1. Quick one: Debye curve from the C-alpha atoms of chain B, no solvent, what's log10 I(q)/I(0) at q = 0.17 Å⁻¹?
2. When only C-alpha pairs under 8 Å and at least 6 residues apart count, what is the relative contact order of chain C, in percent?
3. Please state the relative contact order of segment A:1-61 as a whole percent: Cα pairs under 8 Å, 6+ residues apart?
4. Under the rule a/c < 1.5 gives rounded, and otherwise a/b versus b/c splits prolate from oblate, where does segment C:1-108 land using the Cα gyration tensor?
5. Using alpha carbon centroids, what distance separates segment C:1-47 and segment B:46-121, in Å?
6. Give the angle, between 0 and 90 degrees and rounded to the nearest 10, that separates the Cα long axis of helix A:65-88 from the longest principal axis of the Cα atoms of chain A.
7. Which of B:Tyr49, A:Cys59, A:Gln107 sits closest to the plus end of the dipole of the protein assembly as shown, meaning its Cα is farthest towards the positive end, when Lys and Arg get +1 and Asp and Glu get -1 on the C-beta?
8. Near C:Tyr119, within a Cβ-to-Cβ distance under 11 Å, what is the net charge of the other residues, with Lys and Arg +1 and Asp and Glu -1?
Amino acid sequence: MRLDVILRVVAKLFIPFILLFALYVQFHGHYSPGGGFQAGVIAAAAVFLYAIVFGLDRCKQVVPLAVAEAAVWIGVAIFAGTGLIALVLGWNFLDYTPLFADPVDAQYWGIFIVELGVLVSVTGAMVAIFYAFVLRGRQ
Amino acid sequence: MNGLIGTIVEHYNYWITIALMMMGLYIVVAKSNMIKTLIGMAIFQTTVYLLYLSPGKIVGGTAPITAKQFEVYANPLPHVLILTAIVVGVASLAMGLALTVRIYEAYGTIEEDDLVQMVDAEDRAE
Amino acid sequence: MGLLTLIAVVTVGVITVRNLFAVTVLFGAYSFLMASVMLVLDAPDVALTEAAVGAGVSTVLLLGALYLTRTEEAPPRNSPLVPAAVAVITGLILIWGTWDLPGFGLADTPVNTGVGQAYIERTYEETAVPNVVTAVLATYRGYDTLGEVIVVFAAAIGVLMLLRRLPAGSDEASSEEKEK
């Protein structure tokens, strides 16, 4: 029996809950402490745990390097994109009112979309930085 | 004397925060290992966040999430500022560590005293 | 405040311990205690971020950097008197600066009765979001949050530029070293 059985079993139990908690923190950012940055860092921590316990090769199959590096600019594009859409429609930059019908609703859903962009960008950035550090030592 | 004792009791937690900040500053200035300097910078930054958050707390208030049963809330503006500052801090820590790794690969050491001597020797050899 | 005393003890540990693995673990403990203090100061958003970022990502990045460099600090060579004097003098100047700050926890200070109070009153009517911090971060001060996401983006690009090895690229990597 290998020596890391306890680590592997516990990690297999924990990682889905950590990812679920990250999504909970993201989507309940309107009603409880949370939001994009916290959720992005917690999701990145789940990926780090997977890489540490199961090895870097299996982690690179689950979260490829290209996906992590692409997520960095996709998140910024989502955020800046909602601002630019408002600019194109004739309103101010990052004004959420032209996107939806009711002005109060527009703020609510505008915050939702923007926090989603923040989540994607922060998770991608943290995982890409981690890969950069660890892959440097291997070659 | 009541004024002086009163002032000390009221400002006591600001002064402890400043003491922690000075310990972080001492690590940055005195230590020559680069990774310890970066850790000292992170310690300094977190004590600055504490100094910003302290005036926003209201005794008898609660976290700034509006609900029907609460009336007094803590000031939300320092929270927003510090949230941004924490993320910028970790970004600068990541860049600092990447630079440290490259310096180690180029010169073989991360102690600033040795590095200064090596760079001076290179400059004199030119 | 017992938490702040614990934080001071951990910081003294960071100063004196020379094995950098131990210093990294102490830094994780420091972050966790700092998050607890922020929770006591009624800032749950900030406490969550500080705990996740400080004890999570920062510790892993420090371990990654220690993996690539060495993990023992050289013994100190310079005298610690001048930096200690600088720290003490700066601390005294700062303490003199905070003499006129309002007392801890009062509600009628200029800090707490200006814009912050207006945000608390207006947020639920204008955005239907109870969490004032998220609303201010994403709507009222959304431009600053865009700047913050761009800072994260720039940091990721910077680290990738410094540390990424090109895949098949022994040509480009070695020509980069010949340029130095």
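1. Taken in order of the listed q values, log10 I(q)/I(0) reads -0.98.
2. About 13 percent, as a whole number.
3. Rounded, it is 32 percent for segment A:1-61.
4. Oblate, because a/c is 1.5 or more while a/b does not exceed b/c.
5. If you average the Cα positions of each part, the centres end up 13 Å apart.
6. Taking Cα atoms only, the helix is inclined about 10 degrees.
7. Farthest along the dipole direction, towards plus: A:Cys59.
8. Local charge sum for C:Tyr119: 0.
A short reminder: the numbers here are calculations on the coordinates, not readings from a lab. Model, not experiment: these values are computed from the prediction. Cβ: placed from backbone, ideal geometry, glycine included. Neighbour counts: every protein chain shown.
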